[in-house]
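Colleague: One structure, as structure tokens, below. Some questions next.
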Amino acid sequence: MSGQLPFVHFSTRNVPPRLQFEAWRGQLSAFDVSPFDEEWPKRFAADVKMYTMGPALVVRAKQGALRYEITPNRARTKGPNLYLFTYYERGRYRGYAGKGEIEGTAGDVQVLDLSQPMNSSEAPAVITGVVVSHEALREKLGTLDGLHGLDLRRTTGAFLGDYLKLLTKRLPGMSREEATAAAEATIGVIAACVRPTQERLMFAAEHVSDVLRSRAEKIIEDHIQDPRLSPEFLCMQLGVSRRTLYRAFQERAGVHEYILERRLDAVAHKMTTPGDTRTISELAELYGFSTLETFWRAFKRRYGLTPGEVRASCSFLSTASGLTPSTFSMFDQWSRSVRTPKFDHQIRQVGRP
């Protein structure tokens, strides 16, 4: 189904207390799970949401204390070629991955290769996990050596944790297409954090900006006639700061200018649509221009012609040459600054009395 992002929600809330742990155990296919101690099965609770994002899977979970492991035999026979990156918002863990010891607490990110042996004991925790394939990660890193059992702390762990929290907050509102783009960006961010070279950090930042800009552009199109549409409105919808939003649009002359251009393009399209008899002032007001004078100046600056000249010239071209505005792609050419001198001259001459 296009548009809606697939997800699964599992909770032990309505499961009898003594069956809660077994219900949770049945949800974990990658690990062998056992109680933290004899008392936990009597009062174990878990609540999990899982989202599929194309090349990545995201898990948000609140869970009780437990022990989990991937035995050598399980790794050989069932171990998937996947990496799990787990950010611990609350909780702590301790154990072994491969031949090395792992230990972490709230604020850390644990990295596990699910095709390799490991074991860990965990206190009650709130976590966000991202699962990606070996192939997707190798494409960004080149080599996966040294990742199994890696603990990310301080700068890189905190950065990745903040990113994952924001991602899970925004996932419910994403379409499949947006989530696939966000997954690619997430893999880039992960690669930057586990191999924190300047080149990869810049690469990740570019991907994050691309996804943010794509989502902002969709909101702009959906609210193009909404008088509330502004940089502040976009920040509220996206849950980001003005600085972050402006950085995403810095290559497009800024977010305010982009909104203005899209509104002008919308008015221009309506003006050149056969059968649309609304006046120029009605169209300007419909697309958020508070005064006709403001609209007139912005239109002339963008297209090099006044709205009156454009409407008159389109009427002439349609009747005299048999071409409609859509087949002539008039404003597509103007908006891309690829008008020919001959065409410009013709429009300007026709538009004058």
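Colleague: Determine the shape class of region 88-135: with a ≥ b ≥ c the square roots of the Cα gyration tensor eigenvalues, call it rounded for a/c under 1.5, and otherwise prolate if a/b is greater than b/c, oblate otherwise.
Modeller: In terms of gyration-tensor shape, oblate.
Colleague: With every protein chain kept in place and ligands, DNA and RNA left out, what is the accessible area per residue of region 44-170? Probe 1.4 Å, answer in Å².
Modeller: 45 Å²
Colleague: Taking 25 Å as R0, compute the FRET efficiency from the Cβ-Cβ separation of R301 and T277 and round it to 0.05.
Modeller: In this case the efficiency is close to 0.40.
Colleague: What ranking of E261, E135, E69 comes out by heavy-atom accessible area, probe 1.4 Å, highest first?
Modeller: E135, E69, E261
Colleague: Between N73 and E139, what's the calculated FRET efficiency when r is the beta-carbon distance and R0 is 41 Å? Round to 0.05.
Modeller: In this case the efficiency is close to 0.85.
Colleague: Using a probe of 1.4 angstrom, how much of the accessible area of region 39-97 is carbon and sulfur, in percent?
Modeller: 49 percent
Colleague: Quick check on region 1-144: take the gyration tensor over C-alpha atoms, sort the square-rooted eigenvalues as a ≥ b ≥ c, and tell me if it's rounded (a/c under 1.5), prolate or oblate.
Modeller: Note, shape of region 1-144 comes out oblate.
Colleague: While we're here: Can you check what the net charge comes to around L292, using other residues whose Cβ is under 12 Å from the Cβ of L292 (Lys, Arg +1; Asp, Glu -1)?
Modeller: With Lys, Arg at +1 and Asp, Glu at -1, the neighbours total -2.
Colleague: I'd like the FRET efficiency for H269 and H9, computed as 1/(1 + (r/R0)^6) with the beta carbon distance as r and R0 of 41 Å, rounded to 0.05.
Modeller: 0.45
Colleague: To continue, here is another question. At a Cα cut-off below 19 Å, give the lysines reachable from K270, other chains included and same-chain residues fewer than 8 away excluded.
Modeller: Filter leaves K300.
Colleague: Still on this model: List the residues whose amide H sits under 5 Å from the amide H of G254, counting only those 5 or more places along or on another chain, with H placed 1.01 Å from N in the peptide plane.
Modeller: Here the answer is none, since no amide H 5 or more places off falls under 5 Å of that of G254.
Colleague: Further question: Of K78/K169; K169/K218; K99/K140; K140/K169, which pairs sit farther than 29 Å apart, going by alpha carbon to alpha carbon?
Modeller: From the list (K78/K169; K169/K218; K99/K140; K140/K169), the Cα-Cα distance tops 29 Å for K78/K169.
The values are calculated or read from the model by the stated rules, or taken from the named source; none is laboratory data. These numbers come from a predicted model, not from an experiment. Neighbour counts are summed over all protein chains in view; Cβ atoms, including those assigned to glycine, are modelled from backbone coordinates with ideal geometry. Protein only, heavy atoms only, side chains kept; ligands, DNA and RNA dropped before computing areas. Shrake-Rupley method; radii C 1.70, N 1.55, O 1.52, S 1.80 Å.
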